[in-house]
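Enquirer: Next up is a structure, given as structure tokens.
The values are calculated or read from the model by the stated rules, or taken from the named source; none is laboratory data. On a predicted model such as this, the values are computed, not experimentally measured, just so you know. In this analysis, Cβ positions are derived from the backbone assuming ideal geometry, glycine residues included, and neighbour counts consider all displayed protein chains.
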Ligand SMILES: NC(=O)c1ccc[n+]([C@@H]2O[C@H](COP(=O)([O-])OP(=O)(O)OC[C@H]3O[C@@H](n4cnc5c(N)ncnc54)[C@H](OP(=O)(O)O)[C@@H]3O)[C@@H](O)[C@H]2O)c1
């Protein structure tokens, strides 16, 4: 599958990009700066997996699925700018609305979530919100197994199925966690995990138990 990563130059996007490229997908790194994207793609490419890089809009146009991996501070403006390039695509939004320096406290946009905000802007795209609970620390080394479960929410059943398949290719168990409005719960848990990291050390993830 052709997958683009908006903000793929950053901490979270690079590990995801590398893992999907190793799984055989055609992965393009996106950036506000095409040269930075090309440099990151060259740095991540190996003999087994070649990645490409371009500016965010070009990457969106060329991809079937686009993962958004940018800070919440740039979320609304970036999506408004990419709305046309993202029309008809599955958009994976992993954004956690955090307000530095208080990243260990819940800080959702009023009566919504980043995932819902994305779908409100991207009326011609299918948004799936997921991967809020997997730290870049776990993703960064492509040979390192990720001991975390991943919850995914969407109002588009077909897009959710596609993304659950892509989560498997990242090496994690993905679960259908309901409609997009449940993104409020998923995005709220991340600051709690960041709090746990501070108190107990490490990089916390989640594991589901008791399912049939
Ligand atoms: N890091 C984690 O462990 C983790 C875990 C779960 C979820 N997340 C979520 O994943 C997303 C990315 O996290 P990250 O740690 O990778 O962030 P990051 O490294 O701080 O930023 C990622 C990329 O976003 C682009 N960017 C920065 N500011 C921007 C703006 N105002 N507008 C548009 N693009 C901007 C930059 O790329 P260019 O300068 O090249 O454009 C940057 O390389 C966040 O929403 C975060 O909540 C992160």
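Enquirer: Given the conditions (1) in contact with a helix residue (DSSP H, G or I) (Cβ under 8 Å, 6 or more places away or on another chain); (2) more than 21 Å from residue 162 (Cα to Cα), report the number of the one that residue 119 does not fulfil.
Expert: Among (1) in contact with a helix residue (DSSP H, G or I) (Cβ under 8 Å, 6 or more places away or on another chain); (2) more than 21 Å from residue 162 (Cα to Cα), the lone unmet condition for residue 119 is (2).
Enquirer: Take the conditions in a loop (DSSP other than H, G, I, E, B), out of contact with any strand residue (DSSP E or B) (no Cβ under 8 Å at 6 or more places or on another chain), surrounded by 15 or more Cβ atoms within 10 Å (Cβ to Cβ) and touching a residue at least 24 places away in the same chain (Cβ under 8 Å) and apply them to residue 85. Does it pass?
Expert: Here the answer is yes, as residue 85 does meet what is asked.
Enquirer: Next question, about the same structure. Name the pairs whose Cβ atoms lie under 6 Å apart, with the first residue in region 28-51 and more than 21 Å from residue 64 (Cβ to Cβ), the second modelled with pLDDT under 95 and buried (at least 24 other Cβ atoms within 10 Å of the Cβ), and 6 or more positions between them or separate chains?
Expert: Nothing qualifies.
Enquirer: Just give me the residues in region 32-48 being touching a strand residue (DSSP E or B) at 6+ places or on another chain (Cβ under 8 Å) and part of a loop (DSSP other than H, G, I, E, B), in sequence order.
Expert: Those that are touching a strand residue (DSSP E or B) at 6+ places or on another chain (Cβ under 8 Å) and part of a loop (DSSP other than H, G, I, E, B): 32, 33.
Enquirer: Mind telling me which of the residues 29, 70 ends up being outside any strand (DSSP E or B), touching a strand residue (DSSP E or B) at 6+ places or on another chain (Cβ under 8 Å) and buried (at least 21 other Cβ atoms within 10 Å of the Cβ)?
Expert: Criteria check complete, one pass: 70.
Enquirer: Something else: Go through region 130-145 and give me each residue that's near the ligand (Cβ under 8 Å from one of its atoms) and part of a loop (DSSP other than H, G, I, E, B).
Expert: Selection gives 131, 132, 133, 134, 135.
Enquirer: Please enumerate the residues belonging to region 1-26 that are assigned to a helix (DSSP H, G or I), more than 10 Å from the ligand (Cβ to nearest atom) and out of contact with any strand residue (DSSP E or B) (no Cβ under 6 Å at 6 or more places or on another chain).
Expert: 18, 19, 22
Enquirer: Also, quick follow-up: Name the residues in region 177-212 that are away from the ligand (no atom under 16 Å from the Cβ) and under 20 Å from residue 112 (Cα atoms), would you?
Expert: 178, 179, 180, 181, 182
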